[in-house]
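Report on the following structure.
Every read-out reported here was derived from the displayed coordinates using simple, explicitly stated rules and does not represent laboratory data. If you're wondering where the values come from, they're calculated on a predicted model, not measured in any experiment. Cβ: placed from backbone, ideal geometry, glycine included. Neighbour counts: every protein chain shown.
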Amino acid sequence: MTTRVAATLLRSLAATRALASVALLARPDVVARSAASPSPRRPPRWVVRLLAGRVLLQATVQVAHPTRPVGYGGAAVDAAHAASLLPVLVGDSRYRRGAAISALEAIAAAGATYLLSRQLP
């Protein structure tokens, strides 16, 4: 894979994540409801917006600067986010489904970002 292709794919991944984050920022209740377990308990709106803001900031930087250090940093942040959800997955059944979806998305993004970033300068 060429550097140009890897940069384009990384930008595309980041742009897709940015759009999803905008949806989370604009309509956190709708998105949280679709990811929530059958329980009426959902993550608080501020938590959803905080995490969406983090992803939007990260994605914006990756679109603007698709470089190896930026990609590796983004992959590390996503991996840390997934790891931070382990206590919720293990111990809090009220938020388990939403946490699982968030963790899986973060793991997938971390893996793809890392692999693409290896091809960049």
For the stretch 66-72, Karplus-derived ³J(HN,Hα) couplings (6.51, -1.76, 1.60; θ = phi - 60°; whole Hz; x for glycine and proline) come out as x, 10, 4, x, 5, x, 4
Computed for the chain: size of charge dipole around the Cα centre, +1 on C-beta of each Lys and Arg, -1 on C-beta of each Asp and Glu, debye to nearest 20, value 220 debye
The ratio Rg/Rh over the Cα atoms of the chain, Rh being the Kirkwood inverse mean 1/r radius, stands at 1.02
The stretch 72-118: relative contact order from alpha carbon pairs under 8 Å, six or more residues apart, as a whole percent, is 53 percent
Residue-normalised 222 nm signal for the chain, counting each DSSP H run of n ≥ 4 as -39,500 (n - 2.57), nearest 500 deg cm²/dmol, is -26500 deg cm²/dmol
Taking a ≥ b ≥ c as the square roots of the eigenvalues of the Cα gyration tensor, with a/c under 1.5 meaning rounded and otherwise prolate when a/b exceeds b/c and oblate if not, the stretch 76-121 is prolate
Taking Cα atoms only, helix 96-117 is inclined relative to the longest principal axis of the chain by an angle, in degrees rounded to 10, of 0 degrees
Restricting to Cα pairs under 8 Å and 6 or more apart, the percent relative contact order of the chain works out to 37 percent
